[in-house]
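Scroll down for the structure; my scribbles are underneath it.
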């Protein structure tokens, strides 16, 4: 009998990618980011291991949504105190903290366990076009959100 192959989750096997979120659809971009973080684009994908790559998202302030989601999509958070519910529209949150929109969309697509929390730390989101990760030599990744194809 042969042993089952298990990939080693070494830092050398992890790649860094930069994705420009300008004029991209939020949900379609978030699914592609979640797949890269999870490692599903690799032949060594293992469901219970962190075999994914790091993702840097720039221009989060320019992300787009369809329809009337700008005024109708709500983001809720609760302080844990009675009456502590805070509700904010997409438009208001995009002006205040544009990074949080992408972070929450991707986080909702990751597993709800220890592995998911570990994968989420490999996502770096920035409102503008600059990021401090030049030393990691990230590779630019263009995602076409209309077809979902990577270029």
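Under 1.5 on a/c is rounded, so check that first for segment 47-110, then, if it is not, pick prolate when a/b is larger than b/c and oblate when it is not; a ≥ b ≥ c are the square roots of the alpha carbon gyration tensor eigenvalues. Oblate shape, in that a/c is at least 1.5 and b/c is the bigger or equal ratio.
Between residue 2 and residue 139, what length comes free when the chain is fully extended (0.36 nm per residue of separation minus the Cα-Cα distance, one decimal in nm)?
Values: separation 137, 0.36 × 137 = 49.32 nm, distance 3.64 nm.
Additional length available on full extension: 45.7 nm.
A Gaussian network model of the chain, with springs between Cα atoms under 10 Å, assigns the largest mean-square fluctuation among 35, 49, 109 to 49.
Apply 1/(1 + (r/R0)^6) to the Cβ-Cβ distance of residue 64 and residue 114, taking R0 = 25 Å, and write down the FRET efficiency to the nearest 0.05.
On the way: r = 33 Å, r/R0 = 1.32.
It comes out at approximately 0.15.
Taking N as the residue count of the chain, its C-alpha radius of gyration divided by 2.2 N^0.38 Å amounts to 1.15. Each helix, a run of at least 4 DSSP H residues, gives -39500 (n - 2.57); summed and divided by the residues of the chain, these come to -7500 deg cm²/dmol at 222 nm. The value given for segment 10-90 is a Kirkwood hydrodynamic radius of 15.2 Å, derived from the mean inverse Cα-Cα separation. Going from the fewest other Cβ atoms within 10 Å to the most, the residues 2, 139 appear in the order 2, 139.
Result for the chain in a Gaussian network model with C-alpha springs under 10 Å: among 13, 79, 71, the largest mean-square fluctuation is at 79. Our note on the geometry: Cα centres of segment 118-137 and segment 72-106, 21 Å apart.
Read-outs: derived from the displayed coordinates by stated rules, not from any lab. Keep in mind that what you see is a predicted model, and the values were worked out from it rather than measured. Positions of Cβ are generated from backbone atoms using ideal geometry, with glycine treated the same way; all protein chains shown enter the neighbour counts.
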